[in-house]
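Everything on this sheet refers to the single structure shown next.
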Amino acid sequence: WDNADFSRGVGTTFYQEFHTLNTAKPPFVRDVEAKIRRYLRSSYSAAWTLKITWEKAPAYAAQTDTRKTNTYQAVLTTDGFRSYVLMLYQEGGMQWDYTRLAATNVLIGYT
């Protein structure tokens with residue numbers, strides 16, 4: 001991981017929350033459920049989902065370069081018993097120039 005830096009007015013962060021326990025599910029939530037069912041080969045029906053998007057986020061420190069940005073999402077979801085997170089990245093992967101970052105051991109994903 002590395003730090004995004006929104007201090008120069010470049011990039012946006014926004015979120016959308018979906019309560020779906022006893023309501024009709026929007027296409028986004030149905031897609032999340034389908035991904036979890038496919039990847040984990042288990043039944044899953046979301047009661048709550050949160051989508052967080054970092055759009056055109058520049059790397060820290062933004063004062064050095066705001067041209068290479070990343071867009072990525074974290075999707076948190078639960079059925080009340082099990083919880084999952086999906087991490088989605090723009091096509092083409094990480095756009096930040098890792099040779100110009102403070103830390104050069106950047107990775108995509110989690111450990």
Ordering Ser45, Ser83 by the accessible surface of their heavy atoms, 1.4 Å probe, largest first, yields Ser83, Ser45
With +1 on the Cβ of every Lys and Arg and -1 on the Cβ of every Asp and Glu, and nothing else charged, how large is the dipole of segment 12-100 about its Cα centre, in debye rounded to the nearest 20?
240
Given H placed 1.01 Å from N in the peptide plane, which residues other than close sequence neighbours of Ala47 have an amide H under 5 Å from its amide H?
Thr78, Asp79, Gly80
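If you wrap a convex hull around the Cα atoms of segment 12-100, how much volume per residue is inside, in Å³? Could the numbers behind the result be given before it?
Working: hull volume 10.3 nm³, N = 89.
Taking only Cα atoms, segment 12-100 has a hull volume of 116 Å³ per residue.
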Ignoring ligands, DNA and RNA, what accessible area per residue does segment 12-100 give at 1.4 Å, in Å²?
64
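The values are calculated or read from the model by the stated rules, or taken from the named source; none is laboratory data. Since we're looking at a predicted model, the values are computed, not measured. Positions of Cβ are generated from backbone atoms using ideal geometry, with glycine treated the same way; all protein chains shown enter the neighbour counts. Quick note on the areas: whole protein, heavy atoms, side chains included, nothing else; ligands and nucleic acids left out. Shrake-Rupley method; radii C 1.70, N 1.55, O 1.52, S 1.80 Å.
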